[in-house]
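What follows is a short report on a single structure.
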Amino acid sequence: MAEPSAATQSPSVSSSSSGAEPSAPGGGSPGSCPALGAKSCGSSCAVHDLIFWQDVKKTGFVFGTTLIMLLSLAAFSVISVVSYLILALLSVTISFRVYKSVIQAVQKSEEGHPFKAYLDVDITLSSEAFHNYVNAAMVHINRALKLIIRLFLVEDLVDSLKLAVFMWLMTYVGAVFNGITLLILAELLIFSVPIVYEKYKTQIDHYVGIARDQTKSIVEKIQAKLPGIAKKKAE
């Protein structure tokens, strides 16, 4: 009598195990957020899904609003843009509040304030959460300070020269574009390059590999001619 029950149980176990296979890490579709673990996969996965257009409506809303804001900042002053945004938001909320009040008066209902659910939300920042944010920010700040000291005090001559060349190129970029224009171009690249790379990954990786090899050979030639670099690498 025990053998039939075991036989009946084994298909259910195998079916449940086979059903769990599609949700395994790395089994998602191209462009889906990689499994980073329950702790690390939070805001990073949300940003990943946003720039890869996983939710077209959500990404379109974020992309459209930020692009309109940057274009507005390029045409008007910051004070004007902020004032217009606040006026637009107040126009929507006040109009909706008046509309709901009129509807409640006509229908003689007692629904209450239309934004009651949002007014009751606790948005206070606890001291523990504030300290956590500060500690997380301090890690990046300290890392940036160490990098700045390394570059400006020439701990590695090649890295400092790379920064000097980059800043020299940025002087030409700054002569053509202002800060807002660069932000607009950066947003366009953020919302277009990842999805294009996902579609043409093989071809792009091929040409990037060729460029990396050529750059590496040029850097090695420069390092061989610079005094003190070869001796430092030999040590």
### Principal axis dimensions, the range 84-167 - Cα atoms, whole angstrom, descending
77, 33, 13
### Query
To the nearest 10 square angstrom, how much accessible area does V92 have with a 1.4 angstrom probe?
100 Å²
### Query
For the range 76-179, with only Lys/Arg (+1) and Asp/Glu (-1) charged at the beta-carbon, what is the dipole magnitude about the Cα centre, in debye rounded to 20?
240 debye
### Query
How large is ³J(HN,Hα), in whole Hz, for each residue of the range 65-79 in order, when computed from phi with the Karplus curve 6.51 cos²θ - 1.76 cosθ + 1.60 and θ = phi - 60°, using x for Gly and Pro?
5, 5, 5, 5, 5, 5, 5, 5, 5, 6, 9, 10, 7, 4, 4
### Task
Quickly work out the F166-to-S217 label distance, labels modelled 7 Å from Cα along the C-beta direction, and quote it in nm with one decimal.
2.5 nm
### Summary
Filtered hits (aspartates and glutamates, Cα-Cα < 17 Å from K221, offset >= 8 within chain) -> D156, D159, D213
### Task
Would you mind computing, in nm to one decimal, how far apart the modelled labels at I195 and F76 are, each placed 7 Å from Cα along Cα→Cβ?
2.8 nm
### Query
So what's the range 85-235 giving for Cα Rg divided by 2.2 N^0.38 Å, two decimals?
1.87
### Task
Treating cross-link reach as a plain straight distance, find the aspartates and glutamates whose alpha-carbon is under 20 Å from the alpha-carbon of K199, omitting any fewer than eight places away in the same chain.
D49, D55, E187
### Query
Probe 1.4 Å, all protein chains in place: accessible area of T124 in Å², nearest 10?
110 Å²
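The values are calculated or read from the model by the stated rules, or taken from the named source; none is laboratory data. Remember, it's a predicted structure, so these values are computed and weren't measured experimentally. Glycine gets a Cβ as well: all are built from the backbone with ideal geometry, and neighbour counts include every protein chain shown. We work out accessible area using only protein heavy atoms, side chains counted, and drop any ligands, DNA or RNA first. Shrake-Rupley method; radii C 1.70, N 1.55, O 1.52, S 1.80 Å.
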